[in-house]
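The values are calculated or read from the model by the stated rules, or taken from the named source; none is laboratory data. Predicted model, so just to flag it, every value in this text is computed and none were measured. Each accessible area value is taken on the protein alone, full model and side chains, heavy atoms only, with ligands, DNA and RNA left out. Shrake-Rupley method; radii C 1.70, N 1.55, O 1.52, S 1.80 Å.
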Amino acid sequence: MNNQSLIHWHSMFMGVALLAAARSKDARKRNGACIASADNKILGVGYNGLPRGCDDADASYWADDDHDPLHSRHSYIVHAEVNAILNCVVLPLTGGTIYTTQFPCPRCAQSIIQVGIRTVVYLDKKSHQTAANAASDKMFADAGLRVLSLNELEAASARWCGKLDDFIQQTGPELHGLHGLPGLPGT
């Protein structure tokens, strides 16, 4: 009998972040995050979306005029990292690791640092966000956090998560009766 896990811890936690991202209603970019303790317990999970009580059907929340905060989705969307922190089932988060589908923006970096998370593992990093990435990197470095892409941490986990993400994107909408909705694959 082979009593071994089928996946690594990193695969599991990033997989949870990918599954959480699938709950996001942001058609432009679905992001997820999962916070794990040093002893591999899930402490919190989140995805990017509107604050509770805000109507997802209100088009003004999803506008893309970044020169006008009233008409910019960036003014309203709570990022996955912050939602994972706010949704934590236990505190403190000191010494934990956050797994994010996208490299954290500076505002999320501030929250991650403030709650005592010590390691950040991310799946993708937006190459066109050079200045924002640099600001997050500076804060993480100054605060002594360990920051790694999943690929550099464990390439096998990165490959597995890439396949999981493809599977979610290709089969999720159809299997759940969401095929044909705006912003979803195949629409």
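Quick look at the values:
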quantity	calculated
Relative contact order (%) - the range 117-159, alpha-carbon pairs under 8 angstrom, separation at least six	53 percent
Percent accessible area from carbon and sulfur atoms, the range 1-82, protein chains only, probe 1.4 Å	54 percent
Percent of beta bridges antiparallel (DSSP, the chain, rounded to nearest 5)	55 percent
Cut-off under 5 Å, modelled amide H: who pairs with ASN31 long-range	ASN48
Semi-axis lengths, Å, the range 44-114, gyration tensor of Cα atoms, sqrt of 5 times eigenvalues	25, 14, 9
Contact order relative to length of the range 1-157, as percent, for alpha carbon pairs under 8 angstrom and 6 or more apart	20 percent
Phi to ³J(HN,Hα) by Karplus 6.51 cos²θ - 1.76 cosθ + 1.60 over the range 12-24, Hz, x for Gly, Pro	4, 5, 5, x, 4, 4, 5, 5, 4, 4, 5, 7, 5
For the range 21-112: accessible area per residue (Å², 1.4 Å)	51 Å²
Values of log10 I(q)/I(0), in the order q = 0.12, 0.17, 0.21, 0.25 Å⁻¹, for the range 59-158 under a Debye, Cα-only, solvent-free model	-0.44, -0.83, -1.12, -1.34
